[in-house]
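Working notes, structure below.
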Amino acid sequence: MSPIAETILFVFGLVAAGYLSGLLGYLKVEVGDAVAEFAVSVALPLLLFRTMLGADFHGAAPWALWACYFTAVIVTWTAGQLMTTRVFGRDAKAGVVGGVTAAFSNLVLLGIPFMLGVYGQEGFEILSLLVSVHLPTMIAASIVMFEWASRSDGEGRSLGELGRTFLRRMFTNPLIIGILLGLAFRALGFTLPALAVRLVDSLANVAGPIALFAMGLSLRKYGVGRNVPAGTALSALKLLLMPAVVLGMAWLLDLPPMTAKVAIAAAALPAGVNSYLIAMQFGTGQALASNAMTIGTAAAVGSTAMWLAIAQMVFG
């Protein structure tokens, strides 16, 4: 078995272990919420803090990387939104949920341990360049698009309220705080004492396995409900269209090989819980997001292997 294939099976094996622990009743699904909260609020922010503090981003081509990735986001979001409204007959608000679900990669709970396993620290550092802008961009876009859909229905909020909502969500998000603190420490030339380094390392090093197990347990909670055809179609856009667009853009913009491969792998990841949480906040499309997340995660075992192989053939 190749190292990449073994890594893919290892990563999704941890997800499957979490799912089975809930399916068989070994752990209550509520445990998944607590474990995921620890991963997202403590372990992963410290991992991002440590990365921002000591990473070498030289040669990662952030502007080209962002242009490549977010072009694919726009294309896939548009396709998902139009499919939800035109093909499946949902309203404009559910269309926004369909769009964000089709384009919102699970870069944190799944992406971070996945990239560390496949491409090592270099790949993770490149992924961190995406993580640093991905969440703020996707949250801002979802707020703006949902506001547009609300106004078309005669509802809507003021621009000031929208701005306050966005800033509150961004600057209370542990992942964003971890990134900003790491960048601030780096810019100011601060170094951590040995004891602090050991404490950070001890928590950051368990972030990946815990995040994957918690994700699997959460899939048991959300499961597959109504609107299975729509959820399946959105997951197909996420797993097939988005990485295809990134591959084309990476070739067109002549990204460095490692940067291109990380971008394609990131785009090939399934939707995560953030799309479901956005649907919950908006009060519509919860089944769309839940189905796409669950079906997409199961299908990604094969599709990510395919895209990794294609990226390797194209970029070496």
Residues satisfying the stated conditions in the range 1-41, i.e. under 18 Å from Gly111 (Cβ atoms), polar (S, T, N, Q) and surrounded by 16 or more Cβ atoms within 10 Å (Cβ to Cβ):
Thr7
Which of the residues belonging to the range 285-303 are closer than 18 Å to Ala244 by Cα and either free of Cβ contacts under 8 Å to residues at least 12 places away in the same chain or not in a helix (DSSP H, G or I) (or both)?
Gly302
Name the single residue, out of those in the range 106-153 being touching a Pro at 6+ places or on another chain (Cβ under 8 Å) and among the hydrophobic types (A, V, I, L, M, F, W, C), that is nearest to Leu82 (Cα to Cα).
Leu110
Residue check, Lys221 touching a helix residue (DSSP H, G or I) at 6+ places or on another chain (Cβ under 6 Å), of a type in the set (D, E, K, R) and either modelled with pLDDT of 85 or more or under 23 Å from Phe124 (Cβ atoms) (or both):
no
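Rundown of residues vs (1) in a loop (DSSP other than H, G, I, E, B); (2) touching a residue at least 60 places away in the same chain (Cβ under 8 Å); (3) closer than 18 Å to Ala267 by Cβ, yes/no style:
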residue: Ile4; (1), (2), (3): no, yes, yes
residue: Ala16; (1), (2), (3): no, yes, no
residue: Leu27; (1), (2), (3): yes, yes, no
residue: Ala34; (1), (2), (3): no, no, no
residue: Leu53; (1), (2), (3): no, yes, no
residue: Gly99; (1), (2), (3): no, no, yes
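Residue-by-condition table, conditions (1) β-branched (Val, Ile, Thr); (2) touching a helix residue (DSSP H, G or I) at 6+ places or on another chain (Cβ under 6 Å):
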residue: Pro256; (1), (2): no, no
residue: Ala268; (1), (2): no, yes
residue: Ala292; (1), (2): no, yes
residue: Ile310; (1), (2): yes, no
Close pairs (7 angstrom Cβ cut-off, 6 or more residues apart or separate chains): over 13 Å from Val15 (Cβ atoms) in the range 215-233, at pLDDT 75 or above and not in a helix (DSSP H, G or I) anywhere
Ala230/Phe88
Residue match in the range 144-158 (condition: part of a helix (DSSP H, G or I), crowded, with 16+ Cβ neighbours inside 10 Å, of a type in the set (Phe, Trp, Tyr) and modelled with pLDDT of 85 or more):
no
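Can Met242 be described as part of a helix (DSSP H, G or I) and under 18 Å from Gln81 (Cα atoms)?
Working: part of a helix (DSSP H, G or I): yes; under 18 Å from Gln81 (Cα atoms): yes.
Answer is yes for this residue.
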Sort through Ala299, Ala233, Ala311, Ala267 and tell me the only one that's under 17 Å from the mean Cα position of the chain (by Cα) and surrounded by fewer than 24 Cβ atoms within 10 Å (Cβ to Cβ).
Ala299
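So which of Val118, Val75, Val87 ends up being within 24 Å of Leu277 (Cβ to Cβ) and touching a residue at least 12 places away in the same chain (Cβ under 8 Å)?
Numbers: Val118 fails: within 24 Å of Leu277 (Cβ to Cβ); Val87 fails: within 24 Å of Leu277 (Cβ to Cβ).
Result of the check over Val118, Val75, Val87: Val75.
The values are calculated or read from the model by the stated rules, or taken from the named source; none is laboratory data. Not measured: the values here are computed from a predicted model. Glycine gets a Cβ as well: all are built from the backbone with ideal geometry, and neighbour counts include every protein chain shown.
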